[in-house]
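Inspection log for the structure reproduced underneath, given as structure tokens.
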Amino acid sequence: MYHFTALVTCLAILFYFFTSIQVSKARAAFGIKVPATSGNPDFERMFRVQMNTLEWMPIFLPSLWLFAVYISDAVAAGLGVVWIAGRILYLIGYSEAAAKRGRGFGIQASAAIILWVGALGAIAWRLIHG
């Protein structure tokens, strides 16, 4: 069973839901009517946090699960927590200024890349040595 990875998956989805709520709040605060996605820099940065998170989910989630299956549930979950922490730092930094998003982005990208490379390596290893 992959209880830790399942829990981290739920936390990642919760974080994405949180970013959706933040965009809704920003729309109301800055008077940005649907379907507009521009008009106020503060809104636009929050919108990009949500969209960038969405853009990374198809990279992160399969990599997380493949790593859990082929290597370790606990290690995958730990890296998943690092990914979420990076996304949180990205949100905090980017909501202040675009120039402050780099550290969080780097952390989450590194975690996702480690998960993907680890999963790919483990799959290849099993194919060759299986």
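The values are calculated or read from the model by the stated rules, or taken from the named source; none is laboratory data. Note that this is a predicted model, so its numbers are computed, not measured. Cβ atoms come from the backbone with ideal geometry, glycine included; neighbour counts cover every protein chain shown.
Examine the range 29-45 for a residue that is within 15 Å of Ala112 (Cα to Cα) and of a type in the set (Asp, Glu), and state whether such a residue exists. Spell out how you get there, then give the answer.
First, pick out the residues of the range 29-45 that are within 15 Å of Ala112 (Cα to Cα): none.
No, the range 29-45 has no match at all.
Return the only residue of Tyr90, Tyr94 being among the aromatic types (Phe, Trp, Tyr) and in contact with a Gly (Cβ under 7 Å, 6 or more places away or on another chain).
Details: Tyr94 fails: in contact with a Gly (Cβ under 7 Å, 6 or more places away or on another chain).
That would be Tyr90, the only listed residue that is among the aromatic types (Phe, Trp, Tyr) and in contact with a Gly (Cβ under 7 Å, 6 or more places away or on another chain).
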- prompt: Quick one: would you say Ile21 is more than 20 Å from Gln108 (Cα to Cα), aliphatic (A, V, I, L, M) and either in a helix (DSSP H, G or I) or under 13 Å from the mean Cα position of the chain (by Cα) (or both)?
  reply: yes
task: Give, as residue ranges, the helices (runs of 4 or more DSSP H) completely inside the range 35-130 that count at least 3 residues that are of a type in the set (D, E, K, R).
output: 41-70, 73-96
- request: Among the candidates Val69, Val81, single out the residue that is under 11 Å from the mean Cα position of the chain (by Cα), within 27 Å of Ala124 (Cβ to Cβ), touching a residue at least 60 places away in the same chain (Cβ under 8 Å) and surrounded by fewer than 17 Cβ atoms within 10 Å (Cβ to Cβ).
  value: Val81
field: Pair list, Cβ under 9 Å, 6 or more apart: the range 113-129 residue over 16 Å from Ile59 (Cα atoms) and surrounded by 14 or more Cβ atoms within 10 Å (Cβ to Cβ), other residue of a type outside the set (Phe, Trp, Tyr) and at pLDDT 95 or above
entry: Ala122/Leu66; Ala122/Val69; Ala122/Ile71; Ile123/Leu66
statement: For the range 21-46, pairs from a residue that is without any contact (Cβ under 8 Å) to a residue 24 or more places away in the chain to a residue that is of a type in the set (Ser, Thr, Tyr), with Cβ under 8 Å and 6 or more apart or across chains, are Ile32/Ser38; Glu44/Thr37; Glu44/Ser38
- prompt: Looking at (1) part of a helix (DSSP H, G or I); (2) buried (at least 18 other Cβ atoms within 10 Å of the Cβ), which is the one condition that is false for Ile32?
  reply: (1)
- prompt: Within the set of pairs 6 or more residues apart or between chains, which connect a residue that is under 15 Å from Glu44 (Cβ atoms) inside the range 88-109 to a residue that is acidic (Asp, Glu) with Cβ atoms less than 8 Å apart?
  reply: Ser95/Asp42
task: Could you list, in sequence order, all residues of the range 50-66 that are surrounded by 18 or more Cβ atoms within 10 Å (Cβ to Cβ), without any contact (Cβ under 8 Å) to a residue 60 or more places away in the chain and over 10 Å from the mean Cα position of the chain (by Cα)?
output: Ser63, Leu64, Leu66
